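Visitor: Can you keep this structure in mind? I'll have questions shortly.
Just so you know, all these numbers are worked out from the coordinates, no wet-lab data involved. Quick caveat: nothing in here was measured; it's all calculated off a predicted structure. Every residue, glycine as well, gets a Cβ built from its backbone with ideal geometry; the counts of neighbours run over all protein chains shown.
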Ligand code: C2E
Ligand code: MG
Ligand code: MG
């Protein structure tokens, strides 16, 4: 009915039509408005489990419920399972409750949670940023299952400002070398010596000081800019290696972190090959770390990528094994040379006290071994943890006990120390 302004699946407005209509209403400023943003929890999983036809039905059902509960308002499906409603501020919360209750009453056989975020824009605000804020509020309760709606607040605004700063300044930060790379030692437990290092990006911003990778990596992933950082980090690693090699200094294999998105966003294999060849670095010196949280859609692209890297002579490692729910499947579906056990294996429980914890670690270890992979434990902080890992047969370990991320010069100073001594020092 609404032609190109309407979403073909649900008949709701498209993003463009929503922005135009609600933007006009907001500017007119006749009354107070709210933007409500809706998102279904685990919609991808739902599609996987029940099929796309059932997934489409749910989306249509939500559209029907929204239209019934907000009959005179502007309603859109922005993309996938993201819905927005532009409505009266006074009744928004009550109406959100009604939408959720109605949806849940229709599906008592499956767990569906339709999260909502709310933002009250003033009449001079841009409707797009109002939508971003409502979405941010909605995203903020993704992991908090005790509530199903949330109002935007200023803390989120700071988060948004930080995200904006990261996105606006990525190029400047790379060009001016505010972003650098540090290396964390990885130790082979049978010899006690540093056998490899992991390259980790650091952002020292002139305005904000140290920005943590925990902040800039997820932001760059969310806005699909992560490949720029990863290619930059790779080039810096190659440059550091070339310089040391030219100076006749020793080198250790280095693992670099790639995001699974890199495989979609650029020809990441080509970029790495280029950096490696320009700097004349043997491929066996470079390992690729990929984190395990891969969704079904990424599988083919990622699997081809992993196979190609391995065929070219790079080792491919699985990072953060055990941090997501799909660990076992990922091990089954991909070929990795080394599996890095997430630090939560060690930190979530006291391995000296808990027999169950030991059982979990050692059975996962045997499984990785059976599949022909080496096992590395991340986040080792104490001598007791190290002793335990050694006793059950881990190949390698990494963590503050051996050293925090540091420069290559510092790594080799540390390495010289470990040549004669057993590792007893802490890296703090
Ligand atoms: P990761 O690859 O699992 O890296 C290990 C993280 O654990 C690093 O945090 C490291 O500093 C920290 N760590 C190491 N040992 C210990 C320990 O004993 N205790 C504790 N509590 N922490 C330890 P960092 O550098 O903040 O990096 C966080 C994550 O950001 C990394 O996790 C990696 O996933 C990502 N990352 C870092 N640099 C890059 C990059 O250049 N590209 C991409 N795509 N991701 C990166
Ligand atoms: Mg890593
Ligand atoms: Mg890790």
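Visitor: Taking each pair of different alpha-carbon atoms in the stretch 209-263 once, compute 1/r for the pair, average those values, and report the inverse of that mean as the Kirkwood hydrodynamic radius in Å to one decimal.
Guide: Kirkwood radius, the stretch 209-263: 12.8 Å.
Visitor: Step by step: find N for the chain, compute 2.2 N^0.38 Å, then divide the Cα radius of gyration by it. What's the final number?
Guide: So the chain has a normalised radius of gyration of 1.14.
Visitor: Further question: Kindly provide log₁₀ I(q)/I(0) values, in the same order as q = 0.09, 0.14 Å⁻¹, from the Debye equation applied to equal alpha-carbon scatterers of the stretch 183-334.
Guide: Debye output, listed in q order: -0.30, -0.75.
Visitor: Sticking with the crude label model, points 7 Å out along Cα→Cβ, report the distance from residue 79 to residue 303 in nm, one decimal please.
Guide: 2.6
Visitor: In µm²/s, what is D for the stretch 1-108 at 20 °C and 1.002 mPa s, where D = kT/(6 pi eta Rh) by Stokes-Einstein and Rh is the Kirkwood radius from Cα pairs?
Guide: Here the translational diffusion coefficient equals 148 µm²/s.
Visitor: Also: Based on the Cβ-Cβ distance from residue 88 to residue 354, what FRET efficiency comes out when R0 is 60 Å, to the nearest 0.05?
Guide: The pair residue 88/residue 354 has a calculated efficiency of 0.65.
Visitor: Same structure, new question: Just for the chain, what percent of DSSP beta bridges are antiparallel, to the closest 5?
Guide: Counting only bridges with both partners in the chain, antiparallel ones make up about 60 percent.
Visitor: Enter the mean projected area of the convex hull around the alpha-carbon atoms of the stretch 116-197, in nm², rounded to one decimal.
Guide: Projected over every direction and averaged, the Cα hull of the stretch 116-197 covers 9.8 nm².
Visitor: Starting at 0 and stepping by 5 Å, how many percent of the alpha carbon pairs of the stretch 1-55 end up in each bin?
Guide: 4, 15, 16, 17, 18, 14, 8, 5, 3, 0
Visitor: Follow-up. Any chance you could check the Cα centroid distance between the stretch 139-163 and the stretch 57-130 for me, in angstrom?
Guide: 17
Visitor: On the principal axes of its Cα set, how long, how wide and how thick is the stretch 55-115? Give whole Å, largest value first.
Guide: Projected onto its principal axes, the Cα set of the stretch 55-115 covers 33, 23, 17 Å.
Visitor: I'd like the Kirkwood hydrodynamic radius of the stretch 103-254, using the inverse of the mean 1/r over distinct C-alpha pairs, in Å.
Guide: For the stretch 103-254, the Kirkwood estimate is 19.0 Å.
Visitor: Taking 0.36 nm per residue of sequence separation and subtracting the Cα-Cα distance, how much length would be gained by fully extending the chain between residue 264 and residue 366, in nm to one decimal?
Guide: Taking 0.36 nm per residue and subtracting the Cα distance, the gain is 33.4 nm.
Visitor: Once you place label points 7 Å from the Cα toward the Cβ at residue 101 and residue 153, how far apart are they in nm?
Guide: Calculated label separation equals 2.5 nm.
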